[in-house]
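Below is one structure, written out as structure tokens; the observations come after it.
The values are calculated or read from the model by the stated rules, or taken from the named source; none is laboratory data. It should be emphasised that the depicted structure is a prediction, and the values quoted were computed from it without experimental measurement. Glycine gets a Cβ as well: all are built from the backbone with ideal geometry, and neighbour counts include every protein chain shown. The accessibility values were calculated without ligands, DNA or RNA, using every heavy atom of the protein model including side chains. Shrake-Rupley method; radii C 1.70, N 1.55, O 1.52, S 1.80 Å.
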Amino acid sequence: MAPEARPEVSLPENFHLLIQNTEPAASACLPSIQLPIGLGPKTGLPVGLELDGPAASDRRMLAIGIALETVLGLIPAAL
């Protein structure tokens, strides 16, 4: 779960909360794709999905992202 959006979340000692799920794949040079998949039922905030693939699967990851966008459609703008 993402930390609450407050100014102190961007402090260096809290930065790990923001990158804990995305940094491992980036450090391993693996292709990743992040997609918005809906809005939280209680918060109304955007919810995202990250998929990581094996090395050299960039085109496959993009194809998966396009297919998921087609299935999921656009999410409404958050208020």
_Label point at A28 placed 7 Å out along Cα→Cβ; residues across region 55-71 whose backbone nitrogen lies under 16 Å_ = 55-58, 61
*Starting from the Cα coordinates of the chain, work out the convex hull volume and express it per residue in Å³.*
102 Å³
*Out of S27, P76, P12, whose Cα points farthest toward the positive end of the dipole of the chain (charges: +1 Lys, Arg; -1 Asp, Glu; placed on Cβ)?*
P76
*asked:* Just the number please: accessible area per residue for the chain, 1.4 Å probe, all protein chains included, in Å².
replied: 80 Å²
*asked:* Charges at C-beta only: +1 for Lys and Arg, -1 for Asp and Glu. How large is the resulting dipole of the chain about its Cα centre, in Debye rounded to 20?
replied: 240 debye
*With a Förster radius of 30 Å, plug the Cβ-Cβ distance of L62 and F15 into 1/(1 + (r/R0)^6) and report the FRET value to the nearest 0.05.*
0.60
_Compactness index (Cα Rg / 2.2 N^0.38 Å), region 15-57_ = 1.36
